[in-house]
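What follows is a single structure, written as structure tokens, with notes after it.
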Amino acid sequence: MTDDMPNSDYPTLLHYDLGNGVTAFSSTRKGGVSQGNYAEFNINHYCGDDEQAIAANCFALCHLLGIDSNHLAYPHQVHGTEVRQIGVNWPSLSEQERAQMLEGVDAVMTDTAGVCIGVSTADCIPILLYDAEHHACAAIHAGWRGTVARIAEKAVEAMTLSYHTDASQLKAVIGPGISLESFEVGDEVYESFSAAGFDMERIAHRYAKWHIDLWEANRLSLIKMGVGADAIQISGICTYTHADRFFSARRLGINSGRIFTGIILNVLDEVR
């Protein structure tokens with residue numbers, strides 16, 4: 001990688017403080033080369049953007065993070081609950097092998113330093129988890145279907161199984177997504193949450209139609225798993241309201257860009 005990239009082409013990132021052992025962020029719309037409803041920064045291959053623009057944006061992000069492109073891992077999401085572990089062999093896999101490994105996956109986790117894992121959202125809720133004790137992390141895509149299916153809880157369970165994570169020691173970020181005020185849903189969505197055992201008095205409000213608080217639903221799921229309430233950061237940024245800064249599929253349509261919310265473990269020697 002070279003240092004000849006104009007500063008204007010670097011993505012503008014929203015950073016989260018999860019401690020010195022990790023770098024955590026969400027991308028904004030600013031600082032890339034995509035056009036139209038993909039402008040400016042989009043690295044998602046599955047929403048119709050120009051592949052050359054995606055490649056340039058990926059290069060810029062990796063350059064900013066100080067990694068090679070084969071150290072970037074993000075899945076093709078399907079609103080399911082599959083959690084995939086990214087191991088030390090990830091950078092040595094072929095591009096096709098990496099794509100196959102992350103097909104149909106909605107959460108990724110790793111304990112390999114220097115590999116940036118992340119998820120794509122545009123109103124759905126991105127969640128990051130960091131286990132400082134075992135130097136492991138996860139990135140979760142929680143749309144309403146994934147939230148109903150409790151993908152955040154499944155990710156905590158997966159980290160516990162793979163890394164011996166103690167949920168009470170986790171730090172979490174709930175990133176930009178659609179707010180309760182903007183997330184109007186039909187009765188069938190309300191009933192799905194109710195049937196799944198969510199506390200509807202805490203996560204739902206009736207205006208003309210029902211509205212659901214996906215931030216709170218996922219926060220409650222993490223707390224249920226033992227994550228401390230004071231260890232959960234909520235960005236509080238509504239993507240629908242702030243579609244000028246963050247992508248919103250409801251505001252811009254599905255043929256638009258996606259936010260990338262990523263986390264990368266720092267090499268331990270750098271943080272001791």
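The values are calculated or read from the model by the stated rules, or taken from the named source; none is laboratory data. The structure presented is a predicted model; accordingly, all values stated were derived computationally and were not measured. Virtual Cβ from ideal backbone geometry, glycine too; neighbours counted across all protein chains shown. Quick note on the areas: whole protein, heavy atoms, side chains included, nothing else; ligands and nucleic acids left out. Shrake-Rupley method; radii C 1.70, N 1.55, O 1.52, S 1.80 Å.
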(request) Work out the P(r) tail for segment 163-215: percent of alpha carbon pairs separated by more than 13 Å, whole number. (result) 64 percent
(request) For segment 182-219, state which chymotrypsin sites (Phe, Trp or Tyr not before Pro) are in a DSSP loop and have at most 15 other beta carbons lying within 10 Å of their beta carbon. (result) Y207
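Determine how many Å³ per residue the convex hull of the Cα atoms of segment 117-191 encloses. Numbers along the way, then the final one.
Values: hull volume 7.3 nm³, N = 75.
Measuring per residue, one finds 97 Å³ for the Cα hull of segment 117-191.
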(message) How large is the convex hull of the C-alpha atoms of segment 105-160 per residue, in Å³?
(response) 73 Å³
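Can you pull out the trypsin sites (Lys or Arg not before Pro) in segment 220-259 whose DSSP state is coil and whose Cβ has at most 16 other Cβ atoms within 10 Å? Working shown, then result.
Details: sites: K224, R245, R250, R251, R258; in loops: R245, R258.
Counting only loop positions with at most 16 other Cβ atoms within 10 Å, the trypsin sites (Lys or Arg not before Pro) in segment 220-259 are R245.
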(message) Nothing charged except the Cβ atoms of Lys and Arg (+1) and of Asp and Glu (-1): what's the magnitude of the dipole of segment 142-210 about its Cα centre? Round to the nearest 20 debye.
(response) 180 debye
(request) Whole Å is fine, so just give me how far the alpha carbon centre of segment 116-177 lies from that of segment 212-235. (result) 11 Å
(message) Taking a cut-off of 33 Å, what percent of all Cα-Cα pairs in the chain are separated by more than that?
(response) 16 percent
(request) Can you spot the lysines whose alpha carbon is less than 29 Å from K30's alpha carbon? Ignore those fewer than 8 places along the same chain. (result) K171
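Before rounding to the nearest 500, sum -39500 (n - 2.57) across all DSSP H runs of length at least 4 in the chain and divide by the residue total; then give [θ] at 222 nm in deg cm²/dmol. Walk me through the numbers before you get to the answer.
Numbers: 8 runs with 68 residues, N = 272.
Here the helix-only value at 222 nm equals -7000 deg cm²/dmol.
Among all helices in the chain defined by DSSP H, which have a length of 20 Å or more along the axis from Cα atoms plus a Kyte-Doolittle mean of at least -1.0?
Both cut-offs are met by 51-65.
Residues with beta-carbon under 14 Å from that of F41, excluding F41: net charge, scoring Lys, Arg +1 and Asp, Glu -1? Write down the numbers at each step before the final one.
Values: positive: R29, K30, R245, R258; negative: D9, E40, D49, D50, D244.
Around F41, the surrounding residues sum to -1.
Using the scaling law 2.2 N^0.38 Å as the reference, what is the normalised Cα Rg of segment 208-261? Write out the running numbers ahead of the final one.
Working: Rg = 13.9 Å, N = 54, 2.2 N^0.38 = 10.0 Å.
Against the empirical 2.2 N^0.38 Å value, I get 1.39 for segment 208-261.
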(request) Evaluate the distance, in nm, between pseudo-label points positioned 7 Å from the Cα of K209 and of V185 along their respective Cα→Cβ axes. (result) 1.2 nm
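Roughly how many Å² is the accessible area per residue of segment 197-272, as a whole number, for a 1.4 Å probe? Don't jump to the answer; show the numbers that get you there.
Numbers: 3800 Å² over 76 residues.
Heavy-atom accessible area per residue stands at 50 Å².
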(request) Determine the dipole magnitude for the chain: charges of +1 sit on the beta-carbon of Lys and Arg, -1 on that of Asp and Glu, nothing else is charged, the reference point is the Cα centre, and the result goes in debye to the nearest 20. (result) 460 debye
(message) Under 18 Å between alpha carbons, and skipping anything fewer than 8 positions from K224 in its own chain: which aspartates and glutamates qualify?
(response) D131, E153, E157, D166, D199, E201, D213, E216
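In square nanometres, what is the average projected area of the Cα convex hull of segment 45-187? If you can, show how the numbers build up before the last one.
Details: hull surface 38.5 nm².
The directionally averaged projection comes out at 9.6 nm².
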(request) For segment 1-118, state what percent of all Cα-Cα pairs lands in each successive 5 Å bin, counting from 0 Å until the bin that includes the largest distance. (result) 2, 11, 19, 23, 22, 17, 6, 1, 0
(request) Could you work out the equivalent-ellipsoid semi-axes for segment 147-242, taking the square root of 5 times each eigenvalue of the Cα gyration tensor, largest first, in whole Å? (result) 25, 16, 10
